[in-house]
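A.B. asks: Structure incoming, see below.
What follows is calculated from the coordinates using simple rules that are stated; it is not laboratory data. Owing to the predicted nature of the structure, the values given are computational and were not obtained by experimental measurement. Positions of Cβ are generated from backbone atoms using ideal geometry, with glycine treated the same way; all protein chains shown enter the neighbour counts.
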Amino acid sequence: MKRAVVLAVTVLIFLSLAATAQAARSEIGVQGAGLFTSSLNANGTEYSATESAGIIGTYRRHLSHWISVEAGYGYSRNTQKYAVSSEAFRIQTGINQLTAAFVFGLPSTARIKPYFLMGGGGMVFSPTGNLENTLSGAQTQTKGAFMYGLGVDYGISKRLSLRAEYRGLVYGTPDFGFGALTTDSITQTAEPSIGVAYRF
C-alpha cells in the first residue's frame, strides 16, 4: 500500500513538473540597442545628446497568451550637451534604465509574435570622470520616464526567439544640479534594438 502511495505521489510530482515546463511562462531577453535622443531649445538652453549604443536585459512573466509583465534594465553611455547664451557645456554620462511594463500580444503565427508594451520607470544619469567634461561638480540625477514600444519575436526553436524591438522613453532633461542648464521640458530617447529571448 505504501509503495502504491509513494508511486502515485511521485507520478503526480513528475506530471506537475512536466506541465509547468510545458507552460514555459518565464522569459529572459538580451538586446543590443542604439540610443537617439531628441534635441530641443527651451528656457534659454539648447539641449542635445550624442548617439550611442547600449544593452537591455529583460525578464517577462506571461500571465496569459495575450498579456505579460516585464521588468527591464538597460545601460549606455553618452554625452549630454548644453548651450547657454554663448557658452557650451559637455557632460559624459552613464545612463542606467530601470523599467516595468505591461506587454500585450498581437495576432500572431506559430513563429512570428508581435507585441506592444507600455510602462514606466526611471533613468539614472551618472556623470563620469571623463577629461572632456566641461563642468565639475555635476551630480547624479534620476528622472522618471514613460515608456512605450513595439516589437516582434521570431521563433527559431521551441524556447529561443530572435527579437527586434523599438522602445521610446519620454522624460525631463537632466540638469545635473545646475539651475542654468534646466530646460523645464521633456525629451525622448528612441531605442531600436535587436537580440534574443529564451522562454522557460
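A.B. asks: Neighbour counts of other C-beta atoms within 10 Å: give me Arg167, Arg60 arranged from fewest to most.
C.D. replies: Values: Arg167 25, Arg60 21.
Fewest to most other Cβ atoms nearby, the residues stand as Arg60, Arg167.
A.B. asks: Bin width 10 Å, origin at 0, all Cα-Cα pairs of the chain: what percent of pairs per bin?
C.D. replies: 8, 31, 24, 16, 11, 5, 3, 1, 0, 0
A.B. asks: Show the residues, 5+ positions off or on another chain, whose built amide H is closer than 5 Å to the amide H of Arg77.
C.D. replies: Ala53, Ile95
A.B. asks: Could you give the angle, 0 to 90 degrees to the nearest 10, between helix 2-23's Cα long axis and the longest principal axis of the Cα atoms of the chain?
C.D. replies: 40
A.B. asks: Now a separate question. What is the distance, in nm, between label points placed 7 Å from the Cα along the Cα-to-Cβ direction at Arg111 and at Tyr154?
C.D. replies: Once both label points are built, they end up 0.8 nm from each other.
A.B. asks: Starting from the amide H of Leu135, placed 1.01 Å from N in the peptide plane, find each other amide H under 5 Å away whose residue is 5 or more places distant or on another chain.
C.D. replies: Amide H neighbours of Leu135: Arg90.
A.B. asks: Let me ask another. Using θ = phi - 60° and the Karplus form 6.51 cos²θ - 1.76 cosθ + 1.60, what ³J(HN,Hα) does each residue of segment 104-119 get, whole Hz, x for Gly and Pro?
C.D. replies: 10, x, 10, x, 9, 10, 4, 9, 9, 10, x, 7, 10, 9, 8, x
A.B. asks: Which value at 222 nm does the chain reach when only helices count, each DSSP H run of 4 or more adding -39,500 (n - 2.57), with the total divided by all residues and rounded to the nearest 500 deg cm²/dmol? Walk me through the numbers on the way to the answer.
C.D. replies: Values: 1 runs with 22 residues, N = 200.
Computed ellipticity for the chain at 222 nm equals -4000 deg cm²/dmol.
A.B. asks: To make sure I understand the rule: partners must be aspartates and glutamates, Cα under 19 Å from the Cα of Lys158, and not fewer than 8 residues away in the same chain. Which ones qualify?
C.D. replies: Leaving aside aspartates and glutamates fewer than 8 places away in the same chain, those within reach of Lys158 are Glu27.
A.B. asks: Amide H of Ala33 versus every other amide H placed in the peptide plane: which residues, excluding those fewer than 5 positions away on the same chain, fall under 5 Å?
C.D. replies: Gly54, Ile55, Ile56
A.B. asks: Per residue of segment 62-69, what does 6.51 cos²θ - 1.76 cosθ + 1.60 with θ = phi - 60° give for ³J(HN,Hα)? Whole Hz please, x for Gly and Pro, Karplus curve as stated.
C.D. replies: 7, 7, 7, 5, 9, 10, 9, 10
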